[in-house]
Each structure stands twice: as C-alpha cells, then as structure tokens.
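The values are calculated or read from the model by the stated rules, or taken from the named source; none is laboratory data. Worth saying up front: this structure is predicted, and the values here are computed from it rather than measured. Cβ placement follows ideal geometry from the backbone for every residue including glycine, while neighbour counts extend to all protein chains displayed. SASA here: full protein model, heavy atoms, side chains in, ligands and nucleic acids out. Shrake-Rupley method; radii C 1.70, N 1.55, O 1.52, S 1.80 Å.
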Amino acid sequence: MCSEGARRRPLDWDAATYDRVADPQESWAREIIARMQLRGAETVLDAGCGSGRVTRLLLEALPHGRVLAVDASPAMVAAARAALEGEIRRGALSVLEQDLLELSLGERVDAIFSCAVFHHIHDHDRLFARLHEALRPGGMLVAQCGGAGNVARFHAHAQAVAMREPFARHLAGMPAPWHYATPEETAQRLRAAGFDAISCWLEERPLRPAQLHDFVEKVCLNYHGERLRQRAGQEAGRRLAEQFTTAVIDAMGDRGLIDYVRLNIEASA
Ligand SMILES: C[S@@+](CC[C@H](N)C(=O)[O-])C[C@H]1O[C@@H](n2cnc3c(N)ncnc32)[C@H](O)[C@@H]1O
C-alpha cells in the first residue's frame, strides 16, 4: 500500500478511450452540478477535468461565467483543449496542466467542482489545503470521488488474477493506486484545511458499463496497464493489459457489475 501522503507522479491517461467510455462519470457529474445550484455567472474550478466531457456540462451551467479546468495528465489536457476550443476562444475556459497538489491559479474562484478525481490523490490534507486557498471566502467545494469500500469486490477479483502468471511477475507488490476515504476522515481533513458547513456521505452506485472491456482496461485497471507496459515493454505490456482485463472480467462472473461506492463532498471556504 502507498502510505497516506506518499507522492507519486500522476498517471497519463488514454484520453480518447476515456472520453468514449465515460458515461458513468458523465451521469455522476450531472448530479454534482445540480447540487452546486449555480446562478450562471460564477468562475468555477473543474479540479481534474479529464477529457473535457464533464467540463462541457459545467460550461452549459455557466452561460455568463468561466471555468478554469485543471488536470495533471498531458493527454487529458490536450483532449480537453481540442474538444472545447470554441469555449477557450470566447474566453469562457482555460485548461491548465497542473498537479492539484501544486495548484496555482493566480486568482480565487467562486466554486470548485470535481468528479471522480480525489481518490487518485493520496495526500488529501495537502489537496484540501490547496483547494481552500483557491476558493474565495464563502465559496463552495462540491465534489464526488470513490469512497470507502469503492470497487472492493471488483478489486478482490483483480487482485486474485494479478497473483497468477503471466501477470504476477509484473504486478506482484504493486502499491494500491487509490485512496478511498471515509466520510468521517474526509470531514476531519476538510475542517483542518479551513472549510466549514461540511457534509460528506457515501452512496452505493453499482453499475454495468456499456463498453465493458475498454472501460475496465482504461478506467478501472489503467494503473495495472501502465505497470505492465513499464515492466514488460510497450507492446508486450499492451497485450498483457488486454489479457489481464479479459481475465478480470471473466473472474467477475456477473456480466460486469462494478460495485461503485461514491463519496460525496460539500464544504464552504
Ligand atoms: C476518472 S478521470 C475523471 C475526469 C473528469 N473529472 C470526468 O469526470 O470525466 C480522473 C482524472 O483525474 C486526474 N488526476 C488524477 N490525479 C491528479 C492530480 N494529482 N492533479 C490533477 N489531476 C489529477 C487524471 O489525470 C484524470 O484526468
């Protein structure tokens, strides 16, 4: 396991595949945006914007506002810039390649939105401190990420397959890439970072992704894929990642139901 607070380089993503398969993230994002109760003229940070698919929804809720979209993955940033070129041109959007742990916007925003990002970051104390600094006093953080118990059954299957050859020689000892926090520890960390009016809760959201193989390979097992490519070489690693995905889906044995548990976060700066 990575220890709390351990720093590692954020992963670069397969942005094109992500954009094609991210229907679940889009539906979660719609719910987060509805909870934000935007008036339409705010400046909002999209913390971990990905390919820009959910940034577009945020922009639709801000006809007179602006979005600062931040992501650490160069491929995601390039995809978001290409997809939302018109919004950038009309001055409604800036897409910045930054690690949220080093966030530096040069201005304070009215609100922060984030969908499916925080569990990729281990140091939540530092993350929340950076987000608090980025918000104007009274500004809202409204976010959702994987929470305690997220994909536990799915990962038990993945772990069991990872112990078998030909995967074990590459995947044995792989540190857990995710940080699935409880609402209680999250509330405590938000308070320590200076937030108040804090509300955090878990929600079970099991789902079957439509494009199961690509979704599992590029969204659920992308860290495994990267490690396989690093250890076995690009081409052999790519083939192994495909085989690994197929073996994990076979092991799931229930037509691909993934046991998502979401952590919802609301807090005021
Ligand atoms: C599952 S995607 C979600 C993307 C988008 N929010 C959505 O809902 O479609 C997770 C995103 O978090 C980004 N991310 C992970 N760690 C990050 C960090 N430390 N700083 C900035 N972005 C990060 C990844 O690059 C990736 O684009």
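Can you figure out the FRET efficiency of Gln37 with Ala82, using R₀ = 25 Å and their beta-carbon distance, to the nearest 0.05?
So, using R0 = 25 Å, E works out to roughly 0.25.
Note down the magnitude of the dipole of the stretch 15-268 about its Cα centre, charges +1 on Lys and Arg C-beta and -1 on Asp and Glu C-beta and zero elsewhere, to the nearest 20 debye. List each step's numbers first, then the result.
Numbers: 29 positive and 33 negative charges, 67 e Å.
It works out to roughly 320 debye.
Surface composition of the chain: carbon plus sulfur atoms hold 49% of the accessible area, using a 1.4 angstrom probe and ignoring ligands, DNA and RNA.
Within the stretch 24-136, the percentage of alpha carbon pairs spaced more than 19 angstrom apart rounds to 39%. Of Arg53, Arg136, the order by accessible heavy-atom surface (1.4 Å probe, DNA, RNA and ligands excluded), from most exposed downward, is Arg136, Arg53.
Counting heavy atoms of the protein chains alone, Glu107 has an accessible area of about 70 Å² for a 1.4 Å probe. The C-alpha atoms of the chain occupy a region whose extents along the principal axes are 54, 40, 32 Å, arranged from largest to smallest. If you take every DSSP beta bridge whose two residues both sit in the chain, what share of them, in percent to the nearest 5, is antiparallel? Roughly 45 percent of the beta bridges in the chain run antiparallel, per DSSP. Sparsely packed loop sites in the stretch 56-163 (the trypsin sites (Lys or Arg not before Pro) outside DSSP H, G, I, E and B with at most 14 other Cβ atoms within 10 Å) comprise Arg90, Arg108. Multiplying the residue separation of Ala160 and Gln211 by 0.36 nm and subtracting their alpha-carbon distance yields 16.1 nm.
Add -39500 (n - 2.57) for each DSSP H run of 4 or more in the chain, then divide by its residues: what number comes out at 222 nm, to the nearest 500 deg cm²/dmol?
On the way: 12 runs with 114 residues, N = 269.
The helix contribution divided over the chain gives -12000 deg cm²/dmol.
Close amide H contacts of Leu96 (hydrogens built in the peptide plane, cut-off under 5 Å, sequence separation of 5 or more or a different chain): Ala69, Val70, Asp71.
Tell me the per residue accessible area of the stretch 112-178 using a 1.4 Å probe; a whole number in Å² is fine.
Working: 2380 Å² over 67 residues.
Using a 1.4 Å probe on heavy atoms only, each residue of the stretch 112-178 averages 36 Å².
Using C-alpha pairs under 8 Å with a sequence gap of at least 6, the mean separation divided by the residue count of the chain gives a relative contact order of 22 percent.
Per the Cauchy relation, a quarter of the hull surface: what is the mean projected area of the convex hull of the alpha carbons in the stretch 113-155, in nm²? Let's see the in-between values first.
On the way: hull surface 13.9 nm².
Taking a quarter of the hull surface, the average projection is 3.5 nm².
Express in nm, to one decimal, how much length is gained between Arg90 and Ala251 on full extension, taking 0.36 nm for each residue of separation and deducting their alpha carbon distance.
Numbers: separation 161, 0.36 × 161 = 57.96 nm, distance 4.87 nm.
Additional length available on full extension: 53.1 nm.
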